[in-house]
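Below is one structure; the comments refer to it alone.
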Protein chains: 2
Amino acid sequence: MTANATALADLLAFQKETEALGQIAGRLGWDQETMMPRGAADQRGEEMAAIESVLHARRTDPRIGDWLAATEGTEMSQAETAKLRHIRRSFDRACKVPAELAAELARVTSVSQGHWAEARANDDFAAFAPVLSRVVELRQQEGQALAEGGSVYDALLGDYEPGATADQLEAMFGEMRPRLVELRGKVLDKPAPKGLSGTFGEAEQIAMAGKLAVTFGYDLSRGRIDKAVHPFSSGSGSDVRITTRTAPEDPFNCFYSTIHEVGHACYEQNIDAGYALTPLGQGVSMGVHESQSRIYENQLGRSRAFTSWLYAQMTETFGDLGLDGPEAFYAAVNRVQKDYIRTEADELQYNLHIMLRFDLERALIAGDLPVAELETAWKERFEKDFGYPVPKASYGCLQDVHWSIGLFGYFPTYSLGNVYAGCLAQALRADVPDLDASLAQGNTAPATQWLAEKVQRHGGLYEPRDVITQACGAAPTAGALLAYIEEKFSDLYDL
Amino acid sequence: MTANATALADLLAFQKETEALGQIAGRLGWDQETMMPRGAADQRGEEMAAIESVLHARRTDPRIGDWLAATEGTEMSQAETAKLRHIRRSFDRACKVPAELAAELARVTSVSQGHWAEARANDDFAAFAPVLSRVVELRQQEGQALAEGGSVYDALLGDYEPGATADQLEAMFGEMRPRLVELRGKVLDKPAPKGLSGTFGEAEQIAMAGKLAVTFGYDLSRGRIDKAVHPFSSGSGSDVRITTRTAPEDPFNCFYSTIHEVGHACYEQNIDAGYALTPLGQGVSMGVHESQSRIYENQLGRSRAFTSWLYAQMTETFGDLGLDGPEAFYAAVNRVQKDYIRTEADELQYNLHIMLRFDLERALIAGDLPVAELETAWKERFEKDFGYPVPKASYGCLQDVHWSIGLFGYFPTYSLGNVYAGCLAQALRADVPDLDASLAQGNTAPATQWLAEKVQRHGGLYEPRDVITQACGAAPTAGALLAYIEEKFSDLYDL
């Protein structure tokens, strides 16, 4: 081997071990939410700190810089080039942030979540404001270190969605906001469709969730489903686990969160097996990840065709649902309601929640909005977009955990995922014209195989926007999603 | 701080992280046996290799040598002295073994278990012999590196039971063997007591196992019970998990393996919380560990007093057991049968299985017994001690996994545990004269609290034999165990 080839081999071997350790850290997180005895929390904190410290040391290992330099000018395959792009990005990022700042951020955000939870329970934003101020301050400093004179917010955003910029998002949201605000006004002027009623036993919900997971292509020989307080998907490669939860009166919560997590999990499971334990062996960005969970959940799972199949399944399992046939069931699944909480929002209102957060968090990071004024700013903006006031902070700026743990630049990736899902669904329907006939039989394979082939198998091979562009044959815009939402809800609400 | 104090603090901080990483590796092992999707085996292999590689690098980190040297002559507490003794032992061991030998051992033993499983399934020792020869050869080399001219076998034994020697064990077994061989002859000449009959549903067995675990003091807020193919206990500190299994016709298998694992788990759970994530924060040796599992299982769990309570519990849950009252139940629990398998052996015969392995493995390591002759040697020795021939290799030298993964010097710690349990039970009964009255009520607290106070809380503070000596007020000998077995089985079999 030449010196170049040796450096490349050494770098990739080192990276493989790092990826494996990253998987272990992820599995510990899964264990914490599903299996860990409650008395083990403190010890688990030490264990997580230990493995994170090992991972941090590896990510900043100076040998990475040497290996990268030694591979300059080497002939490389497309996959090798992509692997090195990921490694270089991660290494550059780690080197730009001073160690003391990284440690301080880790320290502050490890306790701030507890303060947030307490403030939310007490509906007391003032008590949380000083903690949040410190988190904002540290993330500003980190963003400045990363941006090197460029946009601080973009630098933070780049952690979750490489290549995305606030300007681009602002243009996208600028197109979406007026149309969604207008549509939600019209929809809420109409009488609300009837909701579900009946008895939904926990065991039956869990069994149905398992059936839905398999229906959407989740491979249980390389995964498992457990109960947790919050649904999530965890792990890559051949060990991708999801969780679900049940509420006695709301089986849709269990079923649609399961389909959502299955979207995330199938993305991971369907990545080319040859990329396992390399930087290509996981979903390429939060936005692309969310596009998979959203298209499974919404464009497929909440479609008229699929809900007609689900209606029959649920009637068989739970008996009378208090609804007059599959069309009423479809309306119940897609019911638009006045609410305050992002995670419970329907397809129409969801992105309005995100835009609100996007604008406020940019102002926080830019220093234009003092943390002390956040609660008021939230209330003003919410009333403008939703048409009614927020009664308390736990329904407003205290509802999400994200900011408390320093996740600034993360929220917009949810909407980006929705926009990508809109584009993918349009392209999918063009490629698979009889999709609804399959969905009405509970057969998602034509859709999920298309997504596996066009998006999922590539893992981290391409840049996020490029994956979507290649899959759709055109660069993503909000148009497809807006047209889909307007058509769906105009039809449902007879506008 | 002085330079000495700084070195000590740095060393202990480094060690704490190593201990936390060791706990993570253990939890991965637990996950593999209980939760892991079957398709994830290969990826898990990479993950385990990655964390073991991190642990190996830390255990041989040259800074440990520098820190140890810098702390020479420092005033230290008893606990600090003990921590450093463990660290020094581990570091010296790691430094003595050449890296290539350690890597080759890891490589060979990672695949040899598969060969063993296949050979056992096919009853084909000849197919396994070349693999085992290589394992023996490598462990001989390792033992030579560790022994530095001393006894190779003792060096290997020291990994599991620091301070123990083959000479000492030989003397102990020399006292035990004739008395146990004689007793088993007498017992098997007598008519066998009746066994259990009835229907033992899986859910009821698992529920009863959980009840037994709590009865013996297992703290479920810092542990959990799951099903696995083989029962085991895993973890230290505030996260100590056990597994169990059920067989439809043999509930004792489930119940007594649970009590056994609870003994191991309570040892870990009851260690002084201040020792957590230090070298003192886990059981001090395999022998002392086994003394706890054995005394829980046998001297307490299989006692006449406790089985009278268990009889009532089981009758209540399972109905008629086909036995004529608690005395017949006590006889069924302690039934001595002709068998070949160590893990299923009763209290009387168990140690005969160990002695056989102890003598054969010493001969293998000394080079006096070629691996090719192991099967024949096993058969000859078995017939001598048990009185009947071994019909096939899977009932003979292929029954245990240990040697296939290089565990030479491990088997005798099982008997050492039994001997220690005998001594502890004698001392316990002297200190708690009304023990049987409590056990007959299903109250194990007087016994388990005595063990927690005398043995378990110390963790790794004292040397293994010293823990037992201090708890019993005298150095351990086989006398107490032999007297207990002879009295129990003479009574049961009316000798």
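The values are calculated or read from the model by the stated rules, or taken from the named source; none is laboratory data. Here the structure is a predicted model, which is why all the values come from computation and not from measurement. We place every Cβ from the backbone using ideal geometry, glycine too, and count neighbours over all the protein chains shown.
Summary of computed values
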quantity	calculated
Test: residue in the range A:477-490 that is closer than 20 Å to A:Gly163 by Cα and touching a His at 6+ places or on another chain (Cβ under 9 Å)	no
Considering residues of the range A:89-103 that are part of a helix (DSSP H, G or I) and touching a residue at least 40 places away in the same chain (Cβ under 8 Å) only, the residue farthest from A:Ile405 (Cα to Cα)	A:Arg89
The listed residue being at the interface with chain A (Cβ under 7 Å from one of its Cβ atoms), over 30 Å from A:Asp219 (Cα atoms) and small (Gly, Ala, Ser), out of B:Ala20, B:Ala57	B:Ala20
Only one of B:Thr74, B:Thr18 that is among the β-branched types (Val, Ile, Thr), in contact (Cβ under 8 Å) with a residue 60 or more places away in the chain and at negative phi	B:Thr74
Filter result for A:Ala5 (more than 9 Å from chain B (Cβ to nearest Cβ) and modelled with pLDDT under 95)	yes
Filtered residues of the range B:60-75 (kept if farther than 16 Å from B:Phe91 by Cβ and either surrounded by 15 or more Cβ atoms within 10 Å (Cβ to Cβ) or within 10 Å of chain A (Cβ to nearest Cβ) (or both))	B:Thr74
Counted residues, the range B:359-384 - those being surrounded by fewer than 16 Cβ atoms within 10 Å (Cβ to Cβ) and touching a helix residue (DSSP H, G or I) at 6+ places or on another chain (Cβ under 6 Å)	1
Set B:Glu204, B:Glu268, B:Glu261: member being more than 14 Å from chain A (Cβ to nearest Cβ), within 23 Å of the chain's Cα centre (by Cα), part of a helix (DSSP H, G or I) and of a type outside the set (Val, Ile, Thr)	B:Glu261
Test: residue in the range A:407-421 that is at pLDDT below 95 and either on the phi > 0 side of the Ramachandran plot or basic (Lys, Arg) (or both)	no
Single match in A:Thr307, A:Thr317 (criterion: among the β-branched types (Val, Ile, Thr), surrounded by fewer than 23 Cβ atoms within 10 Å (Cβ to Cβ), more than 16 Å from the chain's Cα centre (by Cα) and more than 29 Å from A:Pro433 (Cβ to Cβ))	A:Thr317
Within the range A:401-424, tally of residues that are among the small types (Gly, Ala, Ser), crowded, with 24+ Cβ neighbours inside 10 Å and assigned to a helix (DSSP H, G or I)	4
Residues that are outside any loop (DSSP other than H, G, I, E, B) and aliphatic (A, V, I, L, M), drawn from the range A:334-358	A:Leu348, A:Leu352, A:Ile354, A:Met355, A:Leu356
Pairs with Cβ under 7 Å, 6+ apart, first in the range B:104-117 and within 18 Å of B:Val371 (Cβ to Cβ), second surrounded by fewer than 18 Cβ atoms within 10 Å (Cβ to Cβ)	B:Val108/B:Arg134; B:Thr109/B:Ile405; B:Ser112/B:Ile405; B:Gln113/B:Val401; B:Gln113/B:Ile405; B:Trp116/B:Val401
Counted residues, the range B:234-262 - those being closer than 15 Å to B:Val214 by Cα, out of contact with any Leu (no Cβ under 8 Å at 6 or more places or on another chain), polar (S, T, N, Q) and without any contact (Cβ under 8 Å) to a residue 60 or more places away in the chain	2
Given (1) loosely packed, with under 14 Cβ neighbours inside 10 Å; (2) over 20 Å from B:Arg342 (Cβ atoms); (3) of a type outside the set (S, T, N, Q), number of the condition B:His230 does not satisfy	(2)
Subset of the range A:284-304 that is buried (at least 24 other Cβ atoms within 10 Å of the Cβ) and outside any helix (DSSP H, G or I) - its residue that is farthest from the chain's Cα centre (by Cα)	A:Gly301
Matching option when the condition is over 17 Å from the mean Cα position of the chain (by Cα) and closer than 30 Å to A:Gly283 by Cα, among A:Leu398, A:Leu407	A:Leu398
All positions within the range A:23-54 that are of a type in the set (Gly, Ala, Ser) and within 7 Å of chain B (Cβ to nearest Cβ)	A:Gly39, A:Ala40, A:Ala50, A:Ser53
Hits in the range B:27-74 - residues which are under 28 Å from B:Ser238 (Cβ atoms) and either in a loop (DSSP other than H, G, I, E, B) or not assigned by TED's automatic domain parsing to the domain that holds B:Gln113 (or both)	B:Met35, B:Met36, B:Pro37, B:Asp61
Qualifying positions in the range B:239-258 - in contact with a strand residue (DSSP E or B) (Cβ under 8 Å, 6 or more places away or on another chain) and assigned to a loop (DSSP other than H, G, I, E, B)	B:Val240, B:Arg245, B:Thr246
Residue check, A:Pro446 free of Cβ contacts under 8 Å to residues at least 24 places away in the same chain and in a helix (DSSP H, G or I)	yes
Subset of the range B:152-194 [surrounded by 16 or more Cβ atoms within 10 Å (Cβ to Cβ) and closer than 30 Å to B:Leu323 by Cβ]	B:Leu180, B:Val181, B:Leu183, B:Arg184, B:Val187, B:Leu188, B:Pro193
Tally, over the range B:327-358, of residues that are in contact with a Phe, Trp or Tyr (Cβ under 8 Å, 6 or more places away or on another chain) and closer than 15 Å to B:Trp403 by Cβ	5
Verdict on A:Glu361 being assigned by TED's automatic domain parsing to the domain that holds A:Arg465, farther than 27 Å from A:Val152 by Cβ and in a helix (DSSP H, G or I)	no
Residue ID - nearest to the chain's Cα centre (by Cα), chosen from residues in the range A:12-27 that are among the aliphatic types (A, V, I, L, M) and crowded, with 21+ Cβ neighbours inside 10 Å	A:Ile24
Extreme residue, surrounded by the most Cβ atoms within 10 Å (Cβ to Cβ), among residues of the range B:214-227 that are within 13 Å of chain A (Cβ to nearest Cβ) and free of Cβ contacts under 8 Å to residues at least 60 places away in the same chain	B:Tyr218
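Per-residue answers, yes or no, for (1) more than 30 Å from B:Gly479 (Cα to Cα); (2) within 14 Å of chain A (Cβ to nearest Cβ); (3) in a loop (DSSP other than H, G, I, E, B):
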site: B:Gly174; (1), (2), (3): no, no, no
site: B:Arg184; (1), (2), (3): no, no, no
site: B:Val187; (1), (2), (3): no, no, no
site: B:Phe200; (1), (2), (3): yes, no, yes
site: B:Met208; (1), (2), (3): yes, no, no
site: B:Val229; (1), (2), (3): yes, no, yes
